[in-house]
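Here, each number is a calculation from the coordinates, and none is a lab measurement. Fair warning: this is a prediction, and the values are worked out from it, not measured in the lab. Cβ placement follows ideal geometry from the backbone for every residue including glycine, while neighbour counts extend to all protein chains displayed.
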Amino acid sequence: MIVQIRVLVNSDEIKDAKSKNDYYAKLREENKNIKHKDARKLVPEDLEIPADEIKLSEMLIDAQDVLRARVNELGNISIVHLGQETQIVYSDEVWNQLKERFNVK
């Protein structure tokens, strides 16, 4: 069956910006403990965290490998497929295929 998943395409940029901001916060904290101004390190401004850039991607799964499925609070279909929980975009077609797989009328 063909399902759609949401993929965060700029996760590396977000992770990098957060990591640098954490490092800058650590340097600022260290500077607080240094009494002599000349010994303090120059710390740049925090980086702006990029907004999430999400794209839809298609994925093929075998409905027989789905162990559990439910519509979650966000309106997505949450499935356990081969032991891994995955959220897929809700569509009536996919939901009906899952109901058929579990013999639900």
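Please find, in a Gaussian network model of the chain (springs between Cα atoms separated by less than 10 Å), the residue of Asp38, Asp46, Asp22 whose mean-square fluctuation is greatest.
Looking only at Asp38, Asp46, Asp22, the largest GNM fluctuation is found for Asp38.
Treating the angle as unsigned and between 0 and 90°, give the value, to the nearest 10°, between the Cα long axis of helix 92-101 and the longest Cα principal axis of the chain.
It works out to around 60 degrees.
Let's see if you can work this out: charge +1 on each Lys and Arg Cβ, -1 on each Asp and Glu Cβ, no other charges. What is the dipole magnitude of the chain about its Cα centre, in debye to the nearest 20?
Magnitude of the dipole: close to 560 debye.
Quick one: how many lysine pairs in region 10-54 have C-alpha atoms under 20 angstrom apart, if they're 8 or more apart or on different chains?
Qualifying lysine pairs in region 10-54: 9.
Listing Val66, Val7, Val43 from the residue with the fewest other Cβ atoms within 10 Å to the one with the most, what is the order?
Val7, Val43, Val66
Along the charge dipole of region 61-105, which of Gln64, His81, Asn103 sits closest to the positive end, that is, farthest toward it, with unit charges on the beta carbon of Lys, Arg, Asp and Glu (+1, +1, -1, -1)?
Asn103
Based solely on C-alpha atoms, express the radius of gyration and the Dmax of the chain in angstrom.
For the chain, the Cα radius of gyration and maximum Cα-Cα distance read 22.7, 75 Å.
Taking Cα atoms of region 61-105, Rg/Rh with Kirkwood Rh, to two decimals?
Reported Rg/Rh, Kirkwood definition of Rh: 0.92.
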